[in-house]
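The values are calculated or read from the model by the stated rules, or taken from the named source; none is laboratory data. Bear in mind that the values here come from a model prediction, so they are computed numbers and not experimental data. Positions of Cβ are generated from backbone atoms using ideal geometry, with glycine treated the same way; all protein chains shown enter the neighbour counts.
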Amino acid sequence: MNSSFNNQSLDQNGQQQYVNQQFFETSGGNTQKITQSQTQDQSDNFQLRAQFFQKMYVCVTIEFAIYLVIISLGFHTNMGTWLITLQEACIMLIDYCTYSLAPTVLFYISLIVSLLLQFTLYFSNCAREAPLKQIVIILYQVSFGLTITTISIFMAISFLEGPVWMIWGNTLLIILMFTIFGCVKQSEITWKIGAIIIVGTTIPIMIILILIDTSVVWQKIVGAVIVITYGFYLILDTKFMMNKGRINLENEYWRGSLLLSGLMFQPLVRIIEYLFDIFRNRNR
């Protein structure tokens, strides 16, 4: 009996050494306790999220920079003719012709491929292993790059090229600032810090550009609104993605980066996901 009692006491003491319960008071005066293992789990989860955020945004920065290179090629080389064609419509009786620009077949192919890959990356697990993973990354970069280039060309035709560069350049700057914050602070972005970065970069750039050229003020204001909206939605989707559980935070930062770099498609993805959730709940 004494031997059994001593062994039980040793086991309890050993558990206390490993659990190490700690007590603290809440704001209401109630005493609660947490264990060392719970504290360690919270710390490990914080570090995992921070590392995922850093790696993902480093990839997003590189991918968005590649998109800007493709956009530049579309503006200043013959690559633009691959994506947009000039259509002519003439009335022979009065010898009158009208001209309009329209997307080419390549644009529609790149748009469809981008959408399919966006849904595949979010809803499917089939592209997680090499070499399919590398193929998806390259194919997505090319297809979405051509898609966003076509949209940018039409924006430049409707407005001016300068505001288009303001939008995408400012967006890249915000992404870069998020990346630097994550690497320096070793944590994910918060709403407060994100708002400071977004507004603190967009508004001064808008003011400087307005002072340089006052002829198209409204275009710069619209561009700033687009950038601010895009920046806040970037934070929202980042947090939603990391909390939803569809992406493995240990090694699937590349999936997250592709989804964020193609952020203009994400609202459609969210709508489809919401409809799927409603359908599943009704079938239960």
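Report yes if some residue within the stretch 215-228 is modelled with pLDDT of 90 or more, hydroxyl-bearing (S, T, Y) and either under 13 Å from the mean Cα position of the chain (by Cα) or surrounded by fewer than 20 Cβ atoms within 10 Å (Cβ to Cβ) (or both); otherwise report no.
So far as the stretch 215-228 goes, no, none of its residues is modelled with pLDDT of 90 or more, hydroxyl-bearing (S, T, Y) and either under 13 Å from the mean Cα position of the chain (by Cα) or surrounded by fewer than 20 Cβ atoms within 10 Å (Cβ to Cβ) (or both).
Go through the stretch 230-284 and count every residue that is among the hydroxyl-bearing types (S, T, Y), within 23 Å of T147 (Cβ to Cβ) and surrounded by fewer than 20 Cβ atoms within 10 Å (Cβ to Cβ).
Number of matching residues: 2.
If you go through the stretch 165-210 one residue at a time, how many are out of contact with any Gly (no Cβ under 8 Å at 6 or more places or on another chain) and in a helix (DSSP H, G or I)?
Of the residues in that region, 29 qualify.
Testing E250 on (1) part of a loop (DSSP other than H, G, I, E, B); (2) modelled with pLDDT of 90 or more, one condition comes back false. Which one is that?
E250 satisfies every listed condition except (2).
Restrict the check to the stretch 220-236 and report whether at least one residue is of a type in the set (S, T, N, Q) and within 20 Å of C59 (Cα to Cα).
No, the conditions are met nowhere in the stretch 220-236.
Only one residue in A156, A102 is in contact with a strand residue (DSSP E or B) (Cβ under 9 Å, 6 or more places away or on another chain) and among the small types (G, A, S), so which one is that?
Only one candidate passes the filter, namely A102.
Being surrounded by fewer than 16 Cβ atoms within 10 Å (Cβ to Cβ), out of contact with any strand residue (DSSP E or B) (no Cβ under 6 Å at 6 or more places or on another chain) and among the hydrophobic types (A, V, I, L, M, F, W, C) is true for just one of I193, I167, I135. Which residue is that?
Residue meeting the stated conditions: I135.
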